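Asker: Following this message is one structure expressed as structure tokens.
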Amino acid sequence: MSKLMPASAIGTPFERLDGELKVRGTAPYAYEQPVENPVHLYPVLSTIARGRVERVETAEAEALDGVLTILTAETTPRLADSSDRELAVLQDTSVGYRGQIVAAVLAETPETAREAAAAVQVTYTEEPFTAQLHGDDPALYAPEELNAGTPTDSSQGDFDGAFDTAALRIDATYSTPPEHNNPLEPHVTVAQWDGTVMTLWDSTQGVHAVRGTLAQVLGLEEEQVRVIAPHVGGGFGSKGMPHVQVVMAALAAQVTDGRPVKFPVSRQQMYTLTSHRTPTIQHVRLGAADDGRLTAMSLDILEHTSRIKEFAEQTPAPFRMMYASPNRRTTTRLTPLDIPVPSWMRAPGECPGMFGPEVAMDELAAAAGLDPIELRRRNEPEVDPETGNPFSSRHLLECFDLGAERFGWENRVARPRSVQEDGWLVGMGTASAVYPFMRQPANTARIRYEQDGVYSVQIGASDIGTGSWTALTQIAADALRVPVDRIRLGIGDTRFPTASVAGGSSGTASWGGTIIAAARAFREDHGEHPSPGAQTEAQPPEDPEAADLALYSFGAHFAEVRIHADTGEIRVPRMLGVFSAGRIINPRTARSQFLGAMTMGLGMALHEQGVLDPRFGIFVNSDLAEYHIPTNADVLDMEALWIEDRDEHAGPLGARGIGEIGIVGSPAAIANAAYNASGTRIRDLPLTPDKFLT
Amino acid sequence: MEARITLQVDGEPRSLTVDTRTTVLDALRDQLGVTSPKKGCDHGQCGACTVLLDGRRANSCLALAVAHDGAEVITSEGLAGGTPDGELHPVQRAFLEQDGFQCGYCTPGQVCSAAGIIEEAAAGHPSTATEDLQAEGGIDLTDAEIRERMSGNLCRCGAYVNIVAAVRQAAETAAARRDGAANPEVPVVTDSPTAESMPEHPEERA
């Protein structure tokens, strides 16, 4: 058992240490890093979904004043490794999706680059393509495994037999549409090649991940790639893995005689170049006894992927461990399409995977005549039903109990469409949340004593809005037993020791645990009164015990929904999330993360829908005017609370991560409230007004 | 085609030659190195580029620089008094205290927009959330007014709850100053912990 580190700065609601820079606007994001005499890149994107580029006519574009060169498949430097076809930009003439880079203009100004890109004429040979996910597609296949090493299928007991004989049965299909991460800072890379070192100012969730991938595709040693990202304007998964713009900028930088190349991906280009969340079709079957106890549960998932690169979401993961039932089964099948490459978006797996099942639980509660919270109480497992491992900490029911009290759940009228106020149908709903605890290996931290009580603490971590600058400073202060103002934190640069990606809600635990290990090693090496320049690098110890435990965070969402009886307009006047996520490092920034994820969940419930036109293979609503995310006026009374549990198995911090759990389950709570309000069960997101006008 | 223009940026006259296709936003960011206004969409859809243009908030990505020769541009950086260590504007102070942001990319636009709506409401400009359009004088910035007026500034991190709290706090500060209830020389907002004022470690105190 790892012992929890005593807290002093940890648990204090400090303001963000980078906050002054952020409110002034002087924190330098990737595009804003000072570089001399930059070249501006603007891409030419394919206008067919599949086929070959036959000819790129560049003469007219090259004749414009200020155009330096136009890169095509013929003129672009070769990659050492072009096996990742998402990243193999301009390495051949094949086109794998509409909106793929087929040429790139380098010019003296952004205006000239863009004008020239419009003047480049590309002719193609088109090939047949498919761009629609549907359930009877013969191309559906079982991937070898799902994201994060999750098994594709699972089966325990006899699902079919138990379902056939169940007293209560729910058998329904749910769907979630393609969604786009849309961080407010568009993806951007500034690249400079001095003949030996490739420097990349990149908007990324992980500088070392970018370095590793770029070194491999470019055929460089890792020491020849430097990645810098001190401030990142949001990511939500799309900046977790390097996408094509990083490689494009790095290739372009090889033809500019040392001048830096700026490639800011436009908002519209992000819809094809920088990933999206796959749509899901979720067939859920729940069998239960009369008292609501589950006897059989199955989840069959269909998703799309790109033909040029597979991404298989671990969507069934939460279904496998959430509730007790002896007979259970899950499957996941993918259709390869000629479309942009899907990837991570906030809580990949858990977020879509807790929509269908949590609405199905609401349907089962109605069928059983039970309160939805009572149904969950009756199906609370004693151990992880999938593995049999005990939970390190499972406080789901406490979250429901506290939330029910604070939300006024006792005022809910169980019979749907029972409450009307001034023409609005009013209802309440709830749903569970879950997210696994993850700590990434391959982290190292460096601690050096400077002078006058000041310590440098360095690790290549990232702050994508999560508050890492502040939280890691607090952790370092407690680990070294000094005040926070003695810590000089360094993150967001590959000059610092290797760090894992800000993803999977693993950042604080992974980086913070490493800082704690380095602080212990530093004190062992140099004592409490080190000499200036004393330095130690260390990695965290292995934690073998965790393998025998189910480590998860849990939560309960509550929502009140109002639907206009005549227009179907839907509003969410109240949302409450109650979470159990272990130790909270900074209550001020933690609350913001919970609320922010719930807000994104509100968007998923009400607004967000990438419309993929199967006739063209393109997302047609590719900007913020047509792809709607929540605005200020969409968010009304919203609050997040937490039960702070001591999890002595979740590393020395005991913090299980908070970046994603807030979005998991929140769309289901809203959909369940919408049913309670209107009596209309909507199983397909988003909950747009037309769906209530039946 | 190029044109020679001058912009008053955060109080400083800045002369430059612009491509006539250059927006105020790109002139600031690419040519003058003023990167406080952000580019989130370049289409007037997200509000990250909001500045005070001749005293009113505007999406600087939708304004052509050549059409604003001689204009006064105030960015969030300039609101703070123009110097890197200048005291924060009460709106900025409120955003910091209420944690009205996460990644910070939309924040300079939110700050300019908030400063703008406080002035607009005080001057009696109505919004669709305003109930009494006949009322004389300033309009009270209720939460509904703040949400409506701030909805041109998108925040993907979802900091809206805290943004509303920050704008409410800043509006109350501004109202108190207008009413003469506070000395304008002294910030009304109370400080909360910062790097300088963070408590010492208990072991060190002992």
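Asker: Let me know the mean shielding of B:139-146 by other chains, meaning the per-residue number of their Cβ atoms within 10 Å of its Cβ. Working shown, then result.
Answerer: Working: counts 0, 0, 0, 0, 2, 2, 0, 2.
Per-residue shielding by partner chains comes out at 1.
Asker: Work out from phi, with θ = phi - 60° and the Karplus expression 6.51 cos²θ - 1.76 cosθ + 1.60, the ³J(HN,Hα) of each residue of segment A:286-291, listed in order in whole Hz, and give x for Gly and Pro.
Answerer: Couplings: 10, x, 9, 6, 4, 7 Hz.
Asker: Continuing with this model, one more query. Which order do the peptides A:488-498, A:409-419 come out in when sorted by mean C-beta neighbours inside 10 angstrom, highest first?
Answerer: Working: A:488-498: 20.1, A:409-419: 14.4.
Going by the mean number of other Cβ atoms within 10 Å, highest first, we get A:488-498, A:409-419.
Asker: Still on this structure, please answer the following. Suppose we keep just the alpha-carbon trace of segment A:196-279; what are its Rg and Dmax in angstrom?
Answerer: Looking at segment A:196-279, its Cα Rg and Dmax stand at 12.8, 44 Å.
Asker: For segment A:299-455, what size does the Cα cloud have along each of its three principal axes, sorted from largest down, in whole Å?
Answerer: Each principal axis gives a Cα extent; for segment A:299-455 these are 65, 54, 42 Å.
Asker: Just want to confirm a number: the relative contact order over chain A, from Cα pairs under 8 angstrom separated by 6+ residues, in percent.
Answerer: Values: 1824 pairs, mean separation 120.2, N = 694.
Reported relative contact order: 17 percent.
Asker: Over the Cα atoms of segment A:35-81, what radius of gyration and what Dmax do you get, in Å?
Answerer: Expressed in Å, the Cα Rg and Dmax of segment A:35-81 come to 13.4, 39.
Asker: Now, a different point. Over segment A:282-358, what is the percentage of antiparallel beta bridges among all DSSP beta bridges, to the nearest 5?
Answerer: Values: 7 of 18 bridges.
Once the DSSP bridges in segment A:282-358 are tallied, antiparallel ones form about 40 percent.
Asker: Moving on. Could you tell me what fraction of 2.2 N^0.38 Å the Cα radius of gyration of segment A:573-678 comes to, as a two-decimal ratio? Mind dumping the intermediate values first?
Answerer: Working: Rg = 17.0 Å, N = 106, 2.2 N^0.38 = 12.9 Å.
For segment A:573-678, the normalised Cα radius of gyration is 1.31.
Asker: Working from the alpha-carbon coordinates of chain A, get Rg over Rh, Rh being the Kirkwood radius. Intermediate values should be presented prior to the final figure.
Answerer: Numbers: Rg = 25.8 Å, Rh = 26.3 Å.
My calculation of the ratio gives 0.98.
Asker: Report D for segment A:370-436 in µm² per second (integer): Stokes-Einstein, Kirkwood Rh on Cα pairs, 37 °C, 0.692 mPa s.
Answerer: On the way: Rh = 14.2 Å.
Once the numbers are plugged in, D ends up at 232 µm²/s.
Asker: Please compute the Cα-Cα pair-distance distribution of segment A:105-151 with 5 Å bins starting at 0, giving whole percents from short to long.
Answerer: That works out to 5, 13, 11, 9, 10, 10, 9, 13, 15, 6, 0, in percent per bin.
Asker: Please list, short to long, the whole-number percent of alpha-carbon pairs of segment A:75-194 in consecutive 5 angstrom bins beginning at zero.
Answerer: 2, 6, 8, 12, 16, 15, 11, 8, 7, 6, 4, 3, 3, 1, 0
Asker: When DSSP assigns beta bridges and you keep just the ones with both residues in the protein assembly as shown, what percent turn out antiparallel, to the nearest 5?
Answerer: On the way: 103 of 134 bridges.
Beta bridges within the protein assembly as shown, antiparallel portion: roughly 75 percent.
Asker: Would you calculate the volume per residue, in Å³, of the smallest convex hull containing every Cα atom of segment A:150-250? Let's see the in-between values first.
Answerer: Values: hull volume 16.6 nm³, N = 101.
So the per-residue Cα hull volume is 164 Å³.
Asker: Report, to two decimal places, the Cα Rg of segment A:1-94 normalised by 2.2 N^0.38 Å (N = number of residues).
Answerer: Working: Rg = 23.7 Å, N = 94, 2.2 N^0.38 = 12.4 Å.
In units of the globular-protein estimate, segment A:1-94 measures up at 1.92.
Asker: Mind listing the long-range amide H neighbours of A:I10? Cut-off is under 5 Å, sequence gap 5 or more, other chains count too, H placed in the peptide plane at 1.01 Å from N.
Answerer: A:D478
Asker: A follow-up question, please. Give me the orientation-averaged projected area of the Cα convex hull of segment B:101-172, in nm², one decimal.
Answerer: Working: hull surface 17.4 nm².
Quarter of the Cα hull surface area: 4.3 nm².
Asker: Could you sort the peptides A:273-286, B:153-166, A:633-646 by per-residue average Cβ neighbour count (10 Å cutoff), highest mean leading?
Answerer: Values: A:273-286: 24.2, B:153-166: 26.9, A:633-646: 18.1.
The peptides rank, most packed first, as B:153-166, A:273-286, A:633-646.
Asker: Can you list the HN-Hα couplings for segment A:381-390, worked out from phi with the Karplus curve (6.51, -1.76, 1.60; θ = phi - 60°), rounded to whole Hz and with x for Gly and Pro?
Answerer: x, 7, 9, 4, x, 6, 10, x, 6, x
Asker: Taking amide H atoms as placed 1.01 Å from N in the peptide plane, list the residues 5 or more away in sequence, or in a different chain, whose amide H sits under 5 Å from that of B:L64.
Answerer: For B:L64, whose amide H was placed from the backbone, the distant partners under 5 Å are B:V24.
Asker: On to the next question. Any idea how far the Cα center of segment A:318-382 sits from the one of segment A:20-36, in Å?
Answerer: Segment A:318-382 and segment A:20-36 have Cα centres separated by 42 Å.
Asker: For the protein assembly as shown, what number of Lys pairs, 8 or more residues apart or on separate chains, have alpha-carbon atoms under 19 Å from each other?
Answerer: For the protein assembly as shown, the number of qualifying lysine pairs is 8.
Asker: Any idea what the alpha-carbon Rg over 2.2 N^0.38 Å comes to for segment A:177-319?
Answerer: Details: Rg = 20.3 Å, N = 143, 2.2 N^0.38 = 14.5 Å.
So the Cα radius of gyration is 1.40 times the expected 2.2 N^0.38 Å.
Asker: Hey, what's the Kirkwood Rh for segment B:35-182 if you take every pair of different alpha carbons, in angstrom? Let's see the in-between values first.
Answerer: Working: mean 1/r = 0.0642 Å⁻¹.
Computed over segment B:35-182, the radius equals 15.6 Å.
Asker: Which order do peptides A:428-439, A:653-664, A:108-119 fall in by mean Cβ count within 10 Å, highest first? Don't jump to the answer; show the numbers that get you there.
Answerer: On the way: A:428-439: 25.7, A:653-664: 28.7, A:108-119: 20.1.
Descending packing order for the listed peptides: A:653-664, A:428-439, A:108-119.
Asker: If Rh is defined by the Kirkwood formula over all Cα pairs and Rg also comes from Cα, what ratio Rg/Rh do you get for segment A:455-598? Mind dumping the intermediate values first?
Answerer: Values: Rg = 19.9 Å, Rh = 17.8 Å.
Rounded to two decimals, Rg/Rh equals 1.12.
Asker: Right, next: Amide H of A:T280 versus every other amide H placed in the peptide plane: which residues, excluding those fewer than 5 positions away on the same chain, fall under 5 Å?
Answerer: Residues meeting the amide H criterion: A:T176.
Read-outs: derived from the displayed coordinates by stated rules, not from any lab. Since this is a predicted model, take the numbers as computed values, not measurements. Glycine gets a Cβ as well: all are built from the backbone with ideal geometry, and neighbour counts include every protein chain shown.
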